[in-house]
Amino acid sequence: MLEQIKEFLTTGYNLYYVIAGVVIVLVAIIIIAVGSKNAKKKKSNRVETPTVSTPSYAKISDIDVDAINVSKDEPVGNPNVIVKPPVKSTETVTSVVIKPVAQKKKEKVVEKAPETPKRLESNFKEPTYSEEHAKRPGTIQIYKDNGGKFRFRVKSSNKETVGHSQGYTTKANCKAGIKAVINACKLAEVIDTTKEDYVPVVGRATFEVYRDNEKKFRFRLTAANTGNILASQGYTAKANCINGVKAVKAICINHKLEDVTVNKK
């Protein structure tokens with residue numbers, strides 16, 4: 001028998017197979033031993049929880065309340081239990097009402113509208129025409145505007161401007177315009193174009209009273225050839241506008257000529 005085993009082991013690769021089988025068996029034994037050891041540790045670490053038995057109660061629906069006759073101090077069912085009627089409490093309980101705290105309303109931030117720039121008032125003032133002022137000599141003043149053109153303005157004796165001319169390229173043309181205004185004032189009649197029955201006049205000098213885009217009253221002196229040779233500022237009332245026409249007529253009759261461009265280059 002020993003000889004057969006020795007022959008089996010020495011023949012071919014049989015020895016390697018035997019060694020491999022032995023190694024596999026040893027590994028299996030080690031794995032089983034380690035697994036059983038870990039299982040014991042887990043079992044020892046477990047804490048046994050006590051089982052609590054819940055008492056069984058009878059359902060309320062199974063109890064016939066009307067059939068129970070309970071006296072004041074007599075035991076029912078269990079002789080150790082005495083059922084007594086509830087005792088009314090003499091203490092007064094004050095109810096507390098909790099009111100909700102009103103939330104503060106957020107103040108609305110109102111954005112201020114941008115302020116509109118104030119309109120620059122004109123240097124002209126509505127003249128207060130009077131016969132006393134008309135008797136005094138007025139002034140026709142020649143000056144230069146910001147564009148370098150020659151103009152003239154008609155000023156009353158109390159230094160109020162009641163009319164102004166268009167721009168002229170030369171001083172000679174400006175003086176010719178002054179003469180045209182003086183001559184036209186002698187025969188010009190007042191025409192109110194704001195009336196419904198207004199009839200236009202052609203071929204004669206006229207003072208035309210009209211309303212501008214801002215609904216203010218103005219007048220313009222129109223020559224016989226329909227050219228505008230003098231204009232006024234705006235008036236809030238038509239009566240003041242007509243007084244301005246009267247002032248221009250009076251100044252053209254009695255005035256002094258003033259040239260403020262003489263000392264200017």
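Just so it is clear, none of the values below were taken in a lab; they were calculated from the coordinates. Model, not experiment: these values are computed from the prediction. Ideal geometry is used to build each Cβ from the backbone, glycine not excepted, and the neighbour counts take in all protein chains shown.
In table form, for the structure just shown:
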{"read-out": "Where labels lie 7 Å past Cα in the beta-carbon direction, separation of THR226 and ALA239 in nm", "value": "3.5"}
{"read-out": "DSSP bridge pairs, segment 136-259: antiparallel proportion in percent, nearest 5", "value": "70"}
{"read-out": "Residues ASN158 and GLU189, FRET efficiency given R0 of 35 Å [Cβ-Cβ distance, rounded to 0.05]", "value": "0.85"}
{"read-out": "Pairwise label distance in nanometres, TYR143 with ALA33, each label 7 Å out on the Cα-Cβ vector", "value": "12.7"}
{"read-out": "Computed FRET value (nearest 0.05) for THR261 with ARG211, which takes r as the C-beta separation and R₀ as 35 Å", "value": "0.55"}
{"read-out": "Contour minus Cα-Cα distance for LYS179 and TYR198 (0.36 nm per residue)", "value": "4.0 nm"}
